[in-house]
Amino acid sequence: QMDEICKGDKLMERLNDKVNDLNKDPDVLDVIIENEEEIIKNSLFEKGVKDGINKRNIEIVKNMKNEKIGIKTISKVTGLSTDDIEKIK
């Protein structure tokens with residue numbers, strides 16, 4: 001997929017080639033395998049998922065506040081602290 005995304009952009013094509021070369025290097029692969037969990041945890045995908053969950057939690061808190069549900073109940077349901085809930089407008 002990256003080959004298609006980079007196609008036509010010389011700089012991106014060169015960078016993609018370098019990444020492909022690194023992915024074939026046994027030493028690099030060993031490091032990736034050894035640190036796989038940490039790499040995944042810190043990946044952009046993981047960050048995107050967390051950001052999405054945080055945005056959804058904010059929407060839920062706003063909706064619950066609009067329904068006049070108490071902050072302690074909101075905290076129990078969402079797992080967020082009462083301080084964090086109070087900051088959400």
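Counting only alpha carbon atoms, the long axis of helix 10-24 and the longest principal axis of the chain meet at about 90°.
Carbon-plus-sulfur accessible fraction, the chain (probe radius 1.4 Å, protein heavy atoms only): 55%. Residue by residue, the range 72-89 carries 3J(HN,Hα) couplings of 5, 5, 4, 4, 4, 6, 8, x, 7, 6, 4, 4, 5, 5, 5, 6, 7, 9 Hz when phi is fed to the Karplus relation 6.51 cos²θ - 1.76 cosθ + 1.60 (θ = phi - 60°); x denotes Gly or Pro. Close amide H contacts of Leu80 (hydrogens built in the peptide plane, cut-off under 5 Å, sequence separation of 5 or more or a different chain): none are found.
Pair-distance distribution of the chain: all C-alpha pairs, bin width 10 Å, starting at 0; shares per bin in whole percent are 14, 25, 22, 14, 20, 5. Would you mind classifying the range 6-52 by shape? Square roots of the alpha carbon gyration tensor eigenvalues, ordered a ≥ b ≥ c; an a/c under 1.5 is rounded, otherwise it is prolate if a/b is larger than b/c and oblate if not. Note, shape of the range 6-52 comes out oblate. The residues of the chain expose, per residue, 86 Å² of accessible area to a 1.4 Å probe. Counting only protein chain heavy atoms and rolling a 1.4 Å probe, the accessible areas of Lys65, Lys18, Lys47 rank, largest first, as Lys18, Lys47, Lys65. With respect to the chain, whose longest principal axis is taken over its alpha-carbon atoms, helix 44-66 is tilted by about 10°.
The values are calculated or read from the model by the stated rules, or taken from the named source; none is laboratory data. This structure is a prediction, so every number in the text was calculated from the model and none was measured. Accessible surface is based on the protein model in full, side chains and every heavy atom, while ligands, DNA and RNA are left aside. Shrake-Rupley method; radii C 1.70, N 1.55, O 1.52, S 1.80 Å.
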